[in-house]
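First the structure, in the form of structure tokens, and then the observations on it.
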Amino acid sequence: MWAIIGTVFTGAIISYFEIPQLFKNKCWREISVFILLLLVGMTLSILLIKDVTIPNPLDWITKFYNPFTSFMERILS
């Protein structure tokens, strides 16, 4: 529980120091990307704290290319 509170608190502190400068410069796209990436990072951190299994993107790539790989192995062997 304390780790999750610490993660959210850290995200709030980072936002406190970064977002006012972006508002001052009227960088609206950068603000939206910053918030999106911060939320994704905090969500992944909280999921890791809760011991939720997060799939590896390399597994998805392997499943996608596996039929092509087996086809090429049959042709080349």
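The values are calculated or read from the model by the stated rules, or taken from the named source; none is laboratory data. All values reported here derive from a predicted model rather than from experimental measurement. Cβ sites come from the backbone with ideal geometry, for glycine too, and all protein chains shown count toward neighbours. Accessible surface areas use protein heavy atoms only, side chains included; no ligands, DNA or RNA. Shrake-Rupley method; radii C 1.70, N 1.55, O 1.52, S 1.80 Å.
Only one residue in L37, L58, L48 is without any contact (Cβ under 8 Å) to a residue 24 or more places away in the chain, surrounded by 13 or more Cβ atoms within 10 Å (Cβ to Cβ) and of a type outside the set (S, T, Y), so which one is that? So that I can check it myself, show each step before the final result.
Working: L37 fails: surrounded by 13 or more Cβ atoms within 10 Å (Cβ to Cβ); L58 fails: surrounded by 13 or more Cβ atoms within 10 Å (Cβ to Cβ).
It is L48.
Go through the residues of the stretch 2-16 one by one and say whether even a single one is in a helix (DSSP H, G or I), touching a helix residue (DSSP H, G or I) at 6+ places or on another chain (Cβ under 8 Å) and open to solvent by 80 Å² or more (accessible area, probe 1.4 Å).
So far as the stretch 2-16 goes, no, none of its residues is in a helix (DSSP H, G or I), touching a helix residue (DSSP H, G or I) at 6+ places or on another chain (Cβ under 8 Å) and open to solvent by 80 Å² or more (accessible area, probe 1.4 Å).
Inside the stretch 17-34, can you point out the residues that are aromatic (F, W, Y) and open to solvent by 70 Å² or more (accessible area, probe 1.4 Å)?
Matches in the stretch 17-34: F17, F23, W28.
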